[in-house]
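**Student:** The following block contains the structure, expressed as structure tokens.
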Amino acid sequence: MNTVRTTNTVRMTTGQALVRFLSRQYSERDGVEHRLIEGCFGIFGHGNVAGIGQALLERPGDLTYHQARNEQAMVHAAVAYARTRRRLSTLACTTSVGPGATNMVTGAALATINRLPVLLLPGDTFATRVASPVLQELELPYAADISVNDAFRPVSRFFDRVQRPEQLAHAAIQAMRVLTDQAETGAVTLALPQDVQAEAWDFPEELFAKRVWHVRRPVPDPDSLAAAVAVLRSARRPLIVAGGGVVHADASAALAAFAAATGIPVAVTQAGKAALPHEHPAAVGGIGHTGSVAANALAHDADVVLGVGTRWQDFTTASRTLFADPDVRFVNLNIAAFDAAKHAGVAMVADARAGLEALTTALTGWSAPAEHRSRAAEAVRRWDAEVDAAFARAHTPLPAQSEIIGAVREAMAPHDVVVSAAGSIPGDLHKLWRPTDPLGYHVEYGFSCMGYEIAGGLGVKMAAPEREVFVLVGDGSYLMMAQEIVTAVAEDVKLVIVLVQNHGYASIGALSEAVGAERFGTQYRFRNRQSGTFDGDVLPIDLAANAASLGANVLRATGLADFRTALTTARASTRTTVIHIDTDPLLGTPSSQAWWDVPVAEVATTPTTTKARRDYEQAKTTQRPLLRPAAS
Ligand SMILES: Cc1ncc(C[n+]2csc(CCOP(=O)(O)OP(=O)(O)O)c2C)c(N)n1
Ligand SMILES: [Mg+2]
């Protein structure tokens with residue numbers, strides 16, 4: 001005889017059920033539990049006000065609501081939060097249909113590229129379509145089931161549209177799986193039609209049981225470990241390239257121990273910049289186009305390269321020109337098989353910490369040749385002296401950006417955090433910064449998204465209120481997205497924002513010059529009636545006044561001494577403080593001596609371009625495919 005088991009149900013809207021479900025999700029790694037979704041950013045419109053909005057109002061204890069000013073910015077803040085929590089906790093983001101939703105697409109791409117978890121809940125147009133087309137509906141004549149939210153598909157690691165309340169449970173569970181899977185994580189999007197959000201259904205009570213998502217530390221399989229060890233043991237000039245994966249996996253101590261035991265020099269990517277403290281004897285600094293000459297010289301001659309938690313972006317490889325030994329072989333320790341397979345390396349698919357520990361044990365008694373280690377130490381000594389000089393240029397009338405960076409680092413305590421994303425600051429930080437703490441360096445350089453800086457700083461501080469957060473932002477980035485200062489003020493989240501005013505794009509200006517494009521369109525100036533372009537006078541804008549109008553304390557610094565005083569005042573303050581400082585846009589930092597592939601026009605009427613093209617073609621000849629199988 002069949003017995004039908006009845007499950008207890010509870011009648012709720014889809015919005016209420018999702019909020020309740022999210023409040024019951026936990027991640028766990030190394031035996032420690034964390035709330036997986038710690039809160040929810042939201043901007044309301046007709047597409048979410050009665051659904052998720054009403055649910056957040058009804059149960060404030062389930063999910064803390066945070067009010068942002070721009071949907072893209074709230075995704076940045078949530079992503080920065082997740083990175084600071086080493087991918088074990090994140091925030092959700094709810095929006096209306098239409099522009100509120102599509103404003104999040106850039107943030108989604110940033111999350112997915114940086115492999116950082118964020119839960120996006122864009123509203124969607126009516127599932128029933130009773131009144132179509134509704135306000136902000138796309139209406140494609142050839143495909144009635146596409147909405148603007150389909151734009152999230154290519155930039156999400158998981159996408160679903162919940163067309164019926166009955167679909168919520170499985171969509172939500174798969175969403176949590178992807179958020180917590182260290183190899184798959186990125187933007188996770190649940191598009192929620194506005195009628196479905198408000199529709200009631202009898203949800204099974206067991207959907208709301210506490211769920212703990214175990215975050216594994218997979219160990220390398222014995223065969224790939226043996227293959228990696230064989231390659232490493234054969235090395236005469238080995239180099240480690242540590243990426244963001246080391247920080248996400250909390251593997252800095254394991255990296256430090258491995259480097260100390262083997263003496264292999266450690267170079268770092270942008271995301272991995274603070275994976276090893278500057279003081280570690282094996283640390284050789286940033287690698288690649290924005291790296292140190294020390295790391296790049298070692299990379300040039302390396303016969304074996306161990307990549308740990310890196311996705312081998314072109315800045316890291318100097319567009320595949322950096323590793324010049326024709327017989328160079330790679331070993332890739334990575335949680336994602338996708339990244340471990342790159343450069344034809346021996347693929348050790350494993351957690352960074354577990355993999356480094358396994359390698360340390362397996363290589364007991366072996367170390368890199370002494371002359372290689374002393375060559376590395378000597379190169380670092382020379383580079384450190386160059387950096388010291390860049391910090392102390394005493395340039396007048398306007399200071400160099402390198403001096404600003406040096407002063408910020410001096411003003412910071414060891415556990416404070418520096419945040420940046422786009423323009424010339426990230427490259428200068430990668431070259432010059434001397435990290436002390438793995439979470440103390442937060443530069444978004446997977447997407448290098450102008451506008452991330454202030455929103456990202458907000459997310460960092462929300463995730464780590466015990467740390468002082470110093471946001472370094474250029475005037476261009478500031479003009480793209482400064483409005484989250486208002487959110488910081490409203491939430492009483494204190495940031496120190498250093499606003500580097502150089503009247504335009506110092507970074508792209510220098511790049512433009514390098515490709516023969518004569519800084520065209522990279523300065524913020526009046527249109528000149530004679531030349532027809534923007535090379536007139538400097539504009540009469542006042543970004544310090546702008547910051548004050550958004551509710552921040554503002555300090556206008558003139559010159560370096562004044563700037564140092566302002567930093568001390570700002571650090572001691574309890575309020576979000578913007579320090580405005582003018583710098584000279586034409587002063588660079590010491591060269592990394594590593595290239596970056598940016599195509600130059602093949603034919604041109606400007607002689608500067610023709611010359612740049614010749615240099616470009618020369619550099620192209622040093623580019624290598626890196627396809628030789630390491631294990632052969
Ligand atoms: C959203 C976005 N648009 C365009 C770019 C291309 N880009 C990179 S840096 C930059 C200029 C940044 O200017 P600013 O913030 O003033 O920094 P600076 O170059 O002066 O250091 C531009 C336009 C980008 N990275 N992100
Ligand atoms: Mg600028």
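Quick note: the coordinates plus some simple rules give every number you see, no bench work behind them. This structure is a prediction, so every number in the text was calculated from the model and none was measured. Here the Cβ positions follow ideal geometry from the backbone for every residue, glycine too, while neighbour counts run over all protein chains shown.
**Student:** Which stretch or stretches of region 558-596 have amide N atoms under 16 Å from the point lying 7 Å from ILE541's Cα along the Cα→Cβ direction?
**Tutor:** Answer for this model: 580-583, 585.
**Student:** Measuring from centroid to centroid over Cα atoms, what is the spacing of region 401-460 and region 238-256 in Å?
**Tutor:** So the two Cα centres are separated by 19 Å.
**Student:** Quick check: Cα centre of region 31-86 to Cα centre of region 563-590, how many Å?
**Tutor:** Spelled out, the Cα-based centre of one part sits 31 Å from the other.
**Student:** With both bridge residues required to lie in the chain, what share of the DSSP beta bridges run antiparallel, to the nearest 5%?
**Tutor:** 15
**Student:** Please give the length that would be gained between THR569 and HIS170 if that part of the chain were fully extended, namely 0.36 nm times their separation in residues minus their C-alpha to C-alpha distance (nm, one decimal).
**Tutor:** 138.5 nm
**Student:** Pop a pseudo-label 7 angstrom from the Cα along the beta-carbon direction at both LYS620 and VAL603 and give the gap in nm to one decimal.
**Tutor:** 1.5
**Student:** Continuing with the same structure: In the chain, if the dipole is taken from +1 on Lys/Arg beta carbons and -1 on Asp/Glu beta carbons about the Cα centre, which of LEU88, VAL247, ALA368 is farthest to the positive end?
**Tutor:** So the residue we want is ALA368.
**Student:** Using alpha-carbon pairs under 8 Å, 6+ residues apart, how would you state the relative contact order of region 139-212 in percent?
**Tutor:** Relative contact order here is 32 percent.
**Student:** In whole percent, what relative contact order does region 313-365 give with Cα contacts below 8 Å and a gap of six or more residues?
**Tutor:** Taking the mean separation of contacting Cα pairs over the length of region 313-365, I get 24 percent.
**Student:** If I stretch the segment between ARG529 and ARG24 completely, what's the gain in nm (0.36 nm per residue apart, minus their alpha carbon distance), one decimal?
**Tutor:** Full extension from ARG529 to ARG24 adds 175.6 nm.
**Student:** Still on this structure: Cut-off is 10 Å between beta-carbons; in what order do LEU398, LEU18 appear when sorted fewest neighbours first?
**Tutor:** Least crowded to most crowded, the residues run LEU398, LEU18.
**Student:** If you don't mind, there's one more thing I want to ask. What whole number of Å gives the distance from the Cα centroid of region 159-232 to the Cα centroid of region 512-550?
**Tutor:** The two parts, judged by their Cα centres, are 46 Å apart.
**Student:** Quick one: if you stick a label point 7 Å off each Cα along the C-beta vector at LEU57 and VAL219, how many nm between them?
**Tutor:** My value for the distance between the label points is 5.4 nm.
**Student:** Could you tell me which of LEU192, GLY272, LEU63 has its Cα farthest along the dipole of the chain towards the positive end, charges placed at Cβ (Lys, Arg +1; Asp, Glu -1), taken about the Cα centre?
**Tutor:** Sorting the options by dipole projection puts first GLY272.
**Student:** Residues with beta-carbon under 9 Å from that of ALA101, excluding ALA101: net charge, scoring Lys, Arg +1 and Asp, Glu -1?
**Tutor:** Combined, the nearby Lys, Arg, Asp and Glu give -2.
**Student:** Still on this structure: Can you list the HN-Hα couplings for region 54-68, worked out from phi with the Karplus curve (6.51, -1.76, 1.60; θ = phi - 60°), rounded to whole Hz and with x for Gly and Pro?
**Tutor:** 4, 5, 5, 5, 5, 10, x, x, 6, 9, 5, 8, 10, 9, 9
**Student:** Another question, if that's okay. When only C-alpha pairs under 8 Å and at least 6 residues apart count, what is the relative contact order of the chain, in percent?
**Tutor:** 13
**Student:** Most exposed first by the Cβ proxy, i.e. fewest other Cβ within 10 Å, how do THR577, THR361 rank?
**Tutor:** THR361, THR577
**Student:** With viscosity set to 0.692 mPa s and temperature to 37 °C, compute the Stokes-Einstein D of region 328-428, Rh being the Kirkwood radius across alpha carbon pairs; µm²/s, no decimals.
**Tutor:** The diffusion coefficient I find is 184 µm²/s.
**Student:** I've got another one for you. Quick check: net charge around ALA390, other residues with Cβ under 14 Å of its Cβ, Lys/Arg +1 and Asp/Glu -1?
**Tutor:** -2
**Student:** Would you list which lysines come within 25 Å of LYS273, measuring only between C-alpha atoms, while excluding same-chain residues fewer than 8 positions from it?
**Tutor:** Straight-distance partners of LYS273: LYS342, LYS431, LYS461, LYS494.
**Student:** At a Cα cut-off below 27 Å, give the lysines reachable from LYS611, other chains included and same-chain residues fewer than 8 away excluded.
**Tutor:** Straight-distance partners of LYS611: LYS620.
**Student:** Please give the FRET efficiency for THR396 paired with ALA226, using the beta carbon to beta carbon distance and R0 = 60 Å, rounded to the nearest 0.05.
**Tutor:** The computed FRET efficiency comes out at 0.50.
**Student:** What FRET efficiency do you get for ILE146 and PHE338 if R0 is 35 Å and r is their Cβ-Cβ distance, rounded to the nearest 0.05?
**Tutor:** That gives a FRET efficiency of 0.80.
**Student:** What nm distance separates the two modelled labels at ARG236 and LEU479, each placed 7 Å from Cα along Cα→Cβ?
**Tutor:** 5.4
**Student:** Considering only VAL231, ALA175, VAL215, whose Cα is most displaced toward the positive end of the charge dipole of region 159-263, charges sitting on Cβ of Lys, Arg (+1) and Asp, Glu (-1)?
**Tutor:** Ranked along the dipole, the leading option is VAL231.
**Student:** Mind checking the dipole of the chain: about its Cα centre, +1 per Lys or Arg Cβ, -1 per Asp or Glu Cβ, Debye to the nearest 20?
**Tutor:** Once rounded to the nearest 20, the dipole reads 740 debye.
**Student:** Which of the chymotrypsin sites (Phe, Trp or Tyr not before Pro) found in region 274-373 are in a DSSP loop and have at most 15 neighbouring Cβ atoms, other than their own, within 10 Å?
**Tutor:** Those satisfying the criteria are TRP366.
**Student:** Could you rank the peptides 259-270, 238-249 by their average count of other C-beta atoms within 10 Å per residue, with the highest value first?
**Tutor:** 238-249, 259-270
**Student:** For the chain, what is the per residue volume of the convex hull drawn over the alpha-carbon atoms, in cubic angstrom?
**Tutor:** 193
**Student:** Moving to a separate point now. Using a Förster radius of 56 Å, what is the FRET efficiency between ARG628 and ARG11 based on their Cβ-Cβ separation? Nearest 0.05, please.
**Tutor:** So the FRET efficiency works out to roughly 0.35.
**Student:** Less than 15 Å Cβ to Cβ from ALA422, Lys/Arg counted +1 and Asp/Glu -1: what total charge do the surrounding residues give?
**Tutor:** -4
**Student:** Next question, about the same structure. Going by how many other beta carbons lie within 10 Å of each one, how would you line up THR102, THR610, THR7, fewest first?
**Tutor:** THR7, THR610, THR102
**Student:** Okay, next question. Hey, got the dipole for region 398-534? About the Cα centre, +1 on K and R Cβ, -1 on D and E Cβ, debye to the nearest 20?
**Tutor:** With only Lys, Arg, Asp and Glu charged at Cβ, the dipole is about 480 debye.
**Student:** Still on this structure: Sort 226-236, 155-165 by the packing proxy (mean of other Cβ within 10 Å over each peptide's residues), most packed first.
**Tutor:** Most protected by this proxy first, the peptides run 155-165, 226-236.
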